[in-house]
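Participant: The structure's right below; bear with me while I get my questions together.
Every read-out reported here was derived from the displayed coordinates using simple, explicitly stated rules and does not represent laboratory data. Just so it is clear, the structure is predicted and the values come from calculations on it, not from any experiment. We place every Cβ from the backbone using ideal geometry, glycine too, and count neighbours over all the protein chains shown.
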Amino acid sequence: MTSNALFQMVFYVGVLLACVVPLGRYMTMVFTRRVPGLENVLGPVESLFYRLCGVRRDDEMMWKQYSLAVIAFSLVGILFGYLLQRMQGMLPLNPAGMAGVTPDSSFNTAISFVTNTNWQGYGGESTMSYLTQMLFLNVQNFVSAAVGIAVVVALARGFSRKNSTTIGNFWVDMTRSVMYVLLPLSLLLAVMLVSQGVVQTFDNYASVELKEPVTNAEGESVATQTIALGPAASQIAIKQLGTNGGGFFNVNSAHPLENPTPWSNFLEMISILLIPAALCYTFGEMVGDTRQGWAILLAMTFVFVGFLGLTYVFEQAGNPALAGLGVDQTASELQSGGNMEGKETRFGIANSVIWATATTAASNGSVNSMHDSYTPLGGMVPMVLMQLGEVIFGGAGSGLYGMVVFAIVAVFISGLMVGRTPEYIGKKIGAYEMKMASLVILAPCVMVLVGTAIAVSAEQGRATIFNPGAHGFSEVLYAFSSASNNNGSAFAGLGANTPFYNGLLGVCMLVGRFWVMLPVLAIAGSLAAKKSVPVGPGTLPTHTPLFVFLLISVVMLVGALSFLPSLALGPIVEHLILISA
Amino acid sequence: MLTQIRISVVMLVLMTVLTGGVYPAVVTLIAQTIFPRQANGSLIVVDGKCVGAELIGQQFSEPKYFWSRLSATGPVAFNAAASSGSNYGPMNPALKDAVTGRIESLRGDQSDHAKVPVDLVTSSASGLDPHISPASAQFQIARVANARNLEAAKVRECVDAATEGRQFGFLGEPRVNVLKLNLALDSLAK
C-alpha cells in the first residue's frame, strides 16, 4: 500500500468519525425538541405543511398506523413517478426533447427511487427530461431517505418508551428529516460542488468545436462535441447524502461534470456515510445510552475498514491478464497504476476503492468507477457488502434499523448459549421480535438467490449478459444483490433495461424495502408496549468489545452461510481461472 | 387508509414544490451568481470560439498531440451526451484486444519498447476522462516533440506546466489535462 493511499483512507475514516457526534446530537434535537435558529425560519413552512395536509403534530401513531402512512406515501410516490415519466414528452423543461419513458422502465425506475434504491436501467442524460429529474427523481431522493430516517427514529422510541401504544407521528418525523437535516446539508454540499465544476443550469446542452474531428461507426466525420448539462449539483448533493445514488448522468459520479476534482470526490464520499454513521449516535442518545450507539458504529467501522483494505489490495495489484502485454501497472509518484480499466485518472485506485466500499457498505449505489471492470475479488467485496443486508452503515435510517435487528439476533443467540431470556437496551426480546427479525434478515437473501436463479435459467435473463464466462454470472448476481438490498449500483455491462429485468428487479426492490421496513415497525410497536427491565447480573452488556465482536460475527455468519455457494460460481471461480492462466 | 392516502397526495405535492422546485431553483441562483463559469460546464473559449470544456476530454490521434485515455462511449469516442465505461470484465478477450491494439498504435515506429503506463491503454470510467497520468504524458513526449520539430525539453516544459499535483497536496492523484496541454502546444506554435 502506498503511504499516500493509506493516508487518504485514514483521513477519510477520521473525518467521517469526527462528524458523528455533532451531526448525531443535532439530529437528536431535530426529533426530540425544537431546533434553535433554523426552526425560526423553516418553522412556519413546517406548520403550513401540516395544516394543508390536515396533520396534527401531536397525534401519535400506533405501529400499524405508522406503517400504513409509510405505505400510502410510497404508493402515491410510485404512481406519480410512473405517470410523470410516461408523459414527460408532453411536458415542459425538456430542452433535449426526450420522449416518454417505456412502461417497463418507468415501472422499474418509479419503484427504484421510492425504495431508496436508485437502480438505474436507463442513462440519465439520454432518457430523462430536466422536469422528470427535478420533480420525481430529486424529490424521491429527499423523501425516500426521510422515510428511512423516520422509521429508525420510531424504532428508537420503541426502545425508549415504556408501556406505550404509540411510536411517534410518521408525517412529522418525515417532514422534519427533510427540512432540518437533508435540505440544509444538501444546499451546502451543492454549492461546494459547483465551486469545483459540477454543473447547475437549465440551459440546453453545450456544443463544442473539436480540435480534431472524430470518426463514428459509419465512417462519418464528427466535428462537434455535444456536452450534456443540467441542474446536476442540486441532485448530486442529495443523492449522496440520502444514500440514494441515482446519478444525473449515465456514469454517475465518474462523470467529470458530476465529480470533477479530488476535493469534490472527497465531499461526495463523506456524504455517503455521513448520515448513516451519525444516526448511530442519535439512536444512542434517544435510547438514553450513547454507548449502545457507539458499539453499533464500531462494529460497522471495523467491517468497513477490513473490506476497504481488501479491495485496495486486489485493485492495486492490477489485472494479471494484462501482465504479459507490456503494460506498466506499478504504482509510482507519476501514476497510480493498478487495474485502471473503468477508473478515472484523477481518482486513481485509492479513491475509487474507498468510494466502491463506502457506496456498497451504505446502500448508496452511486459509483465513481465501473465495478464491472474490477478484478474478480476486488469486485466481490462490493457484492458481499450488499449481501450482508446493507447494515454496514447501510441506507439513511434503513442501515441502522437493519443493524439493530442483527443486534437483536446477536443477543438472542447469546441468550440461547447461557439459557436466559435475551434483553436488548432494557427490553426483553420475545418470540414475536425474533419472528420479525427473521423476516427482516431472510427476505432480501431469498430475493437475491431466487432472483438470480430465475434470471440465469431464463433465456431473457441470459440474453443481455455482457461479459463472457463466470463474470457474466457475477453481473446477474450483483444485479439481484443490489436490487434486493436497495443499493442500486451495478455491474453495468448487464443490459438491464429490458422488460424482463425491469420487472423482476422492480419486484425485488419492493420486497427488499417493505418486507424489511414493516417488520421493523412491528418490532418498534411491540417493544414500546413492553415495560423496561432493569440491568441484572445475568444481563449481557451490549456496549462492550465482546458484543461488538459478537455482532460482527453474526452479520458475517449469516452472509457467509447464505451466499458462499453463489459467490463460488461467480467471482471466486473467475479469480481461480485468472491466476492460473 | 383513505385519510393516509389523502395526506400522502397533499404531502407529495408540497414536498415536490419544496425539494423539486424551490431547492434546485435556489441552488441554481446561488451557483449562477457565485460560480457562473463552473455552473455552465467550465467551457474554454479561444478567439470567441468554444474549443472545449476544461473537464471533458477529447480524442486525439495525430502524432503532434498528446493522446487521451481510451473512451468507450458510442457512437463516437468522447461523446459527452452519452457517457459510458467499457464494462469489460478483467478476463474479457475484448479488453485484451483493446489494450494490445492501443499499445501497437502508441509504439508506432518507435524502436524502444518501454512499458506503457496502464491508464494510457485502458478506458476511463466515464469515457470522458480529461486527464492522463504524468507517466502517460512523459511516455508521449518523444513522439510529440518529433512531430512538431521541437526540442524534447521544450515539450517537457509544457507537460510540467500542465501537471496538476494532488489537491491540497494529498487528495486524489497527480494528473495532466490533455486538452489544455494540447492547446498550450498549439499556441506555442503560433
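Participant: Run the quick spin-label model on A:Asp58 and A:Glu333: label points 7 Å from Cα toward the beta carbon, then report their separation in nm to one decimal.
Facilitator: 6.9 nm
Participant: Follow-up question, since we're still on this one. Roughly how compact is chain B, stated as its Cα Rg over 2.2 N^0.38 Å to two decimals?
Facilitator: 1.38
Participant: Sort out for me the Cα centre separation of region B:121-190 from region A:404-454, rounded to whole Å.
Facilitator: After rounding, the separation between the Cα centres reads 56 Å.
Participant: For region A:146-227, which trypsin sites (Lys or Arg not before Pro) are both in a DSSP coil and crowded by at most 16 other Cβ atoms within 10 Å?
Facilitator: Here the sparse-neighbourhood loop sites are A:Lys162.
Participant: On a C-alpha basis, how far is the centre of region B:48-85 from the centre of region A:67-138 in Å? Whole number, if you could?
Facilitator: A separation of 31 Å, based on Cα centres.
Participant: Here is a follow-up. Sticking with the crude label model, points 7 Å out along Cα→Cβ, report the distance from A:Leu416 to B:Glu157 in nm, one decimal please.
Facilitator: The two pseudo-label positions are separated by 7.6 nm.
Participant: Right, here's the next one. So what is the relative contact order for chain A, in percent, with contacts set as C-alpha pairs under 8 Å and at least six apart?
Facilitator: 19 percent
Participant: Might you report the magnitude of the Cβ-based charge dipole of region B:42-189 about its Cα centre, with Lys and Arg at +1 and Asp and Glu at -1, to the nearest 20 debye?
Facilitator: For region B:42-189, the charge dipole is close to 120 debye.
Participant: I'd like the trypsin sites (Lys or Arg not before Pro) in region B:14-123 restricted to DSSP loop residues with at most 15 other Cβ atoms within 10 Å, sorted by number.
Facilitator: B:Lys115
Participant: Using the charge dipole of chain A (Lys, Arg: +1 at Cβ; Asp, Glu: -1 at Cβ; taken about the Cα centre), state which of A:Met383, A:Leu273, A:Thr311 has its Cα farthest towards the positive end.
Facilitator: A:Leu273
Participant: Let me ask something else about it. Based on Cα positions only, what radius of gyration and what Dmax would you give for region A:129-274, in angstroms?
Facilitator: Cα only, region A:129-274: 20.0, 75 Å (Rg, Dmax).
Participant: Then there is this: Give the Debye-formula value of log10 I(q)/I(0) at each listed q (0.12, 0.23, 0.24, 0.32 Å⁻¹), with one equal scatterer per alpha carbon of region B:76-127, two decimals each.
Facilitator: -0.32, -0.95, -1.00, -1.25
Participant: Calculate the FRET efficiency for A:Leu561 and A:Val10 from the Cβ-Cβ distance with a Förster distance of 35 Å, rounded to the nearest 0.05.
Facilitator: 0.60
Participant: Let me ask something else. So which GluC sites (Glu not before Pro) in region B:88-179 end up in coil per DSSP with only 13 or fewer other C-beta atoms within 10 Å?
Facilitator: Of the GluC sites (Glu not before Pro), the ones in loops of region B:88-179 whose Cβ has at most 13 other Cβ atoms within 10 Å are B:Glu151.
Participant: What's the exposure ranking of A:Ile272, A:Ile78, A:Ile71, going from fewest to most Cβ atoms within 10 Å?
Facilitator: In order of increasing Cβ crowding within 10 Å: A:Ile71, A:Ile78, A:Ile272.
Participant: Moving on to the next point. With n ≥ 4 as the cut-off for DSSP H runs, can you work out [θ] at 222 nm for the protein assembly as shown, using -39500 (n - 2.57) per run divided by the number of residues, rounded to the nearest 500?
Facilitator: -18500 deg cm²/dmol
Participant: With r defined as the distance between the Cβ atoms of A:Ile454 and B:Val26 and R0 fixed at 51 Å, what FRET efficiency is calculated, to the nearest 0.05?
Facilitator: Plugging the Cβ-Cβ distance into 1/(1 + (r/R0)^6) gives 0.65.
Participant: Convex hull volume of the Cα atoms in chain A, per residue, in Å³?
Facilitator: Output value, Cα hull per residue: 159 Å³.
Participant: Which whole-number percent gives the relative contact order of region B:42-189, counting Cα pairs below 8 Å spaced six or more residues apart?
Facilitator: Normalised by residue count, the contact order of region B:42-189 is 26 percent.
Participant: How big is the gap, in Å, between the Cα center of region A:40-57 and the Cα center of region A:172-249?
Facilitator: Centre-to-centre distance over Cα atoms comes out at 31 Å.
Participant: Over region A:219-373, what is the relative contact order in percent, taking alpha-carbon pairs closer than 8 angstrom and at least six residues apart?
Facilitator: About 29 percent, as a whole number.
Participant: Quick one: length gained pulling B:Val46 to B:Ile34 fully straight, 0.36 nm per residue minus the C-alpha distance?
Facilitator: 2.0 nm
Participant: For a quick check: sort A:Tyr478, A:Tyr130, B:Tyr88 by the number of other beta carbons within 10 angstrom, fewest at the front.
Facilitator: A:Tyr130, B:Tyr88, A:Tyr478
Participant: Still on this model: Tell me, what ³J(HN,Hα) does each residue in region B:45-56 have, in order and in whole Hz, if you take phi through Karplus 6.51 cos²θ - 1.76 cosθ + 1.60 with θ = phi - 60° and put x for Gly and Pro?
Facilitator: Karplus values, whole Hz, x for Gly and Pro: 10, 10, 6, x, 10, 7, 9, x, 10, 3, 9, 10.
Participant: Once amide H atoms are built 1.01 Å from N in the peptide plane, which residues 5 or more positions from B:Cys50, or in another chain, come under 5 Å H to H?
Facilitator: Long-range HN contacts for B:Cys50: A:Glu209.
Participant: Report the charge-dipole magnitude of chain A in Debye, nearest 20, computed about the Cα centre from +1 at each Lys and Arg Cβ and -1 at each Asp and Glu Cβ.
Facilitator: With Lys and Arg at +1 and Asp and Glu at -1, about 2440 debye.
Participant: Let me ask something else about it. May I ask you to compute the full-extension gain from B:Met1 to B:Ala184, defined as 0.36 nm times their residue separation minus their alpha-carbon distance, rounded to one decimal in nm?
Facilitator: 59.3 nm
Participant: Rounded to whole Hz and in sequence order, give me ³J(HN,Hα) for region A:218-223 from the Karplus expression 6.51 cos²θ - 1.76 cosθ + 1.60, θ = phi - 60°, writing x for Gly and Pro.
Facilitator: Residue by residue, region A:218-223 yields 7, x, 7, 8, 10, 9 Hz.
Participant: For region B:1-40, restrict the atom set to alpha-carbon positions and state the Rg and Dmax in Å.
Facilitator: 15.8, 50
Participant: Got a sec? How would A:Phe412, A:Phe393, A:Phe549 order by Cβ neighbour count within 10 Å, fewest to most?
Facilitator: Ranked by crowding around the Cβ, least crowded first: A:Phe549, A:Phe412, A:Phe393.
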